[in-house]
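Worksheet: one structure, shown below.
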Amino acid sequence: MPTYCSFPHLARNLRAQRGLQAVPDAYVPVIKMKFDGIEIDLLYAQLAYAEVPEKFDITDAIHLKNIDEKSVLSLNGCRVTDMILQLVPNVDTFRTVLRAIKLWSKRRGIYGNVYGYLGGVSWALLAARICQFFPNAAPGVVVNRFFLVCTRWIWNASNPVKLNEIKDSEYGLTHKVWNPSIYPRDALHLMPIITPAYPAMNSTYNVSESTKSVMVEEFLPYFCEICIFKFESHRNIEP
């Protein structure tokens, strides 16, 4: 059975791949490469099965039994993505809102976990939470409310953004779960946005005081612009 160490050697034999590079020391181990001209970040997880079951629900935490911590982290990327789509009230609205928010954040230079801002997963979780607050609203309205909620949100470890209730354990598993009342380091997180899949983790652990201030300052002008636009539009309507 291939392992994380042996898999890159097998993948190098693929004709269409270029520039394969394993990053085993990353928080989530990744294999970077170009395949047929497309950049791919390939995650690797080793399950405790001789073969993958035919009916395989990746969101079920039972698949985390008897696997190493790095495999749990790798699996959680897919598990979180699937669970987000299960937890939003309208998938099409969520996707439209997320595209708009990601475009805005990239243009404003506040996108990227490695830089201390929110990464793709964190923006997705934040957009999904706003969709939950306004389940029947059109995408444009949800984007409007996104800036309203983010401007007024009390950002600290006592008030995390989460899509569902945090479970301490599933199937008797004992993986570390984000909990600021137990773990002092968790209590220091500044803009906690919690992943919905067990074990719950903070997706914004890299946010610092300075990057938090930048993001909060970026939320406010767009909220104000929307309010001014609404006021002007209302004023210009003929009675």
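For the listed residue pairs Lys102/Lys212; Lys70/Lys176; Lys34/Lys70, the alpha carbons are over 19 angstrom apart in Lys34/Lys70. Is the C-alpha gyration tensor of the stretch 66-119 telling us rounded, prolate or oblate? Criteria: a/c under 1.5 is rounded; beyond that, a/b larger than b/c is prolate, otherwise oblate. Cα axes put the stretch 66-119 in the oblate bin.
Remark: the stretch 199-209, residue by residue, has Karplus-estimated 3J(HN,Hα) of x, 4, 9, 8, 7, 10, 5, 8, 5, 10, 4 Hz, where x stands for each Gly or Pro and the curve is 6.51 cos²θ - 1.76 cosθ + 1.60 at θ = phi - 60°.
Of the residues Pro89, Leu118, Leu75, the one whose Cα sits farthest towards the positive end of the charge dipole of the stretch 44-131 is Leu118 (charges of +1 on Lys and Arg Cβ, -1 on Asp and Glu Cβ, taken about the Cα centre). A simple count of charges around Lys176, restricted to other residues whose Cβ falls under 11 Å of its Cβ and scoring Lys, Arg +1 and Asp, Glu -1, yields -2. Rounded to the nearest percent, how much of the accessible area of the stretch 40-155 (1.4 Å probe, protein heavy atoms only) is carbon and sulfur? The nonpolar share, carbon plus sulfur, comes to 54 percent. Among the GluC sites (Glu not before Pro) in the stretch 35-80, those located in a DSSP loop and surrounded by at most 16 other Cβ atoms within 10 Å of their own Cβ are Glu51, Glu54. Proximity of backbone amide H atoms, modeled 1.01 Å from N, is registered between Leu42 and Ile31, Lys32, Met33 at under 5 Å, excluding neighbours fewer than 5 places apart on the same chain.
In straight-distance terms, cross-link reach from Lys32 covers every one of the aspartates and glutamates whose alpha-carbon lies under 19 Å from its own, apart from those fewer than eight places away in the same chain; here that gives Asp41.
All other residues whose Cβ lies under 11 angstrom from that of Ala124 are scored, Lys and Arg at +1 and Asp and Glu at -1, for a net of +4. Sorting 56-64, 201-209 by average packing, meaning the other beta carbons within 10 Å per residue, from highest down gives 201-209, 56-64. Sorting the segments 79-90, 104-115 by their mean number of nearby beta carbons within 10 angstrom, highest to lowest, gives 79-90, 104-115. Could you provide, to the nearest whole Å², the per residue accessible area of the stretch 53-179 with probe 1.4 Å? Each residue of the stretch 53-179 exposes 51 Å² on average to a 1.4 Å probe.
The values are calculated or read from the model by the stated rules, or taken from the named source; none is laboratory data. Remember, predicted model here, so these are calculated numbers, not experimental data. All Cβ positions, glycine included, derive from the backbone under ideal geometry; neighbour counts span all protein chains shown. The protein model used for the area step is the full one, side chains on, heavy atoms only, and it has no ligands, DNA or RNA in it. Shrake-Rupley method; radii C 1.70, N 1.55, O 1.52, S 1.80 Å.
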